[in-house]
1. Six or more apart or on different chains, Cβ under 9 Å: which pairs go from a residue in the stretch B:12-26 that's outside the structural domain of B:Leu39 (by TED's automatic domain parsing) and under 16 Å from A:Pro14 (Cα atoms) to one that's among the small types (Gly, Ala, Ser) and crowded, with 21+ Cβ neighbours inside 10 Å? Could you list them?
2. Quick one: which strands (runs of 3 or more DSSP E) sit completely within the stretch B:39-156 and have at least 1 residues that are more than 9 Å from chain A (Cβ to nearest Cβ) and either farther than 21 Å from A:Gln43 by Cβ or modelled with pLDDT of 85 or more (or both)?
3. Cβ contacts < 7 Å: first residue basic (Lys, Arg), restricted to the stretch A:57-69; second residue in a helix (DSSP H, G or I), any location; separation 6+ or different chain. Result?
4. Name every residue in the stretch A:1-17 that is more than 7 Å from chain B (Cβ to nearest Cβ) and buried (at least 20 other Cβ atoms within 10 Å of the Cβ), in order of residue number.
Amino acid sequence: MAIDIEDAYRRFGPMVVRRCRALLGDQEQAVDAMHDVFVRLIQSGDRLDDRGMSSLLYRVATNVSLNKLRTRRRKPENAGDDMLAALAHATDVEESTGTRRLLQRLLGGTSESTTTMAVMHWVDGMSLEEVATETGMSVSGVRKRLRILREQLGGQPQEASP
Amino acid sequence: MSEKISDLILERYVAGVATADEAARVEASPEALARAKGLARENTELLAAHPPAQVAARVVRGAATRPSQKGTRPLLWLAPLVATACAVAIFALPREQVDVTRAKGGKAKLTIYRQVGSTSEKLEDGAVARAGDTVQVAYIAGENTYGAIVSVDGRSNVTVHTPLTDDGKLSQRGEVLLPRAYVLDDAPRFERFVFVAGGKPVDVSRLRELLHATPELDGEKLRQALNGTVNVFTLRKEP
């Protein structure tokens, strides 16, 4: 079975570019990140329907952008960037200390998936229910992961008021 | 006040993969519909600025040269030909064929795959091939640090496929696909692929000279001349 990368790009490429641009704040870097996202799609070898592919690409675009932000370490240019920088840094801390394994055990999964959830909820404004649907977790599971991550971030960010 | 529609749902709506419920939510919101129209318009602009064939070509090259996070490698066809291809299809090998942990250690190995429609087949040494066949070369370094892959055809034309790095080192990531596939030309009789590997850098110039002078030089003589393990894979050419 084949992954037709040209077809996948035609259908979801613009979405990926926009997702990366929203997080990176730069069109050129977003296009560069988009290529990385599709490389990951190939390498995943996952067999997906159209909806599954859109979900995967959106998550991978978030991860790739966070990784680039972490590498770039640019100074935040607006309030939203503060949040992204904190989340990118949170992943960095996990990877650079011996607490990573412990944290992953606490989180019950990869740190990358948690930061993706955090971006969806705290940056994109998606509800816990929507995040849970996208990530295939329970609402309580998402809430727990985000609570632990918030503690790692020193109590920030606060939950949005209903 | 209209319901907040997330960017992801809106993207799905524009891509035509939203659920009925998601579509209904979007269509109930004039603000969301306006955003969707804007996204659709930008889609056209982005696809014009970054044409699918070009993007696919770059992605294919990237996938061929970067390590996979899952430790698997896709089989990539037509990397140098995508500019003229109607579509760029990436064919994932079955997991067991590219599993890194199984492939590490042991002997060097050379494998040739051939594109067959939308799938691929693993060829046996001595298989029949024809002009126009697209083949993908892959190797496993085994315990060897250095190596080179060269091919020679029935007209004594020699093509150097590797080393891919200046220091001549082989990748140790299990089965490694060369970054490009090859379309066989109409050279008669055979196409021989020779993989020489060892603990020291391979003298590629010497290998090239030997094969140019004697295209069918047997593996044992190559081994003696180059002091390395030798894998030879011959495709028999038929019209």
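The values are calculated or read from the model by the stated rules, or taken from the named source; none is laboratory data. Given the structure is predicted, the values throughout are model-derived calculations rather than measurements. Cβ placement follows ideal geometry from the backbone for every residue including glycine, while neighbour counts extend to all protein chains displayed.
1. none
2. Values: elements: B:89-91, B:109-116, B:119-122, B:134-140, B:146-153.
Strands (runs of 3 or more DSSP E) meeting the threshold: B:109-116, B:119-122, B:134-140, B:146-153.
3. A:Arg59/A:Thr116; A:Lys68/A:Leu24; A:Lys68/A:Gln29; A:Lys68/A:Ala33
4. Result: A:Ala8, A:Val16.
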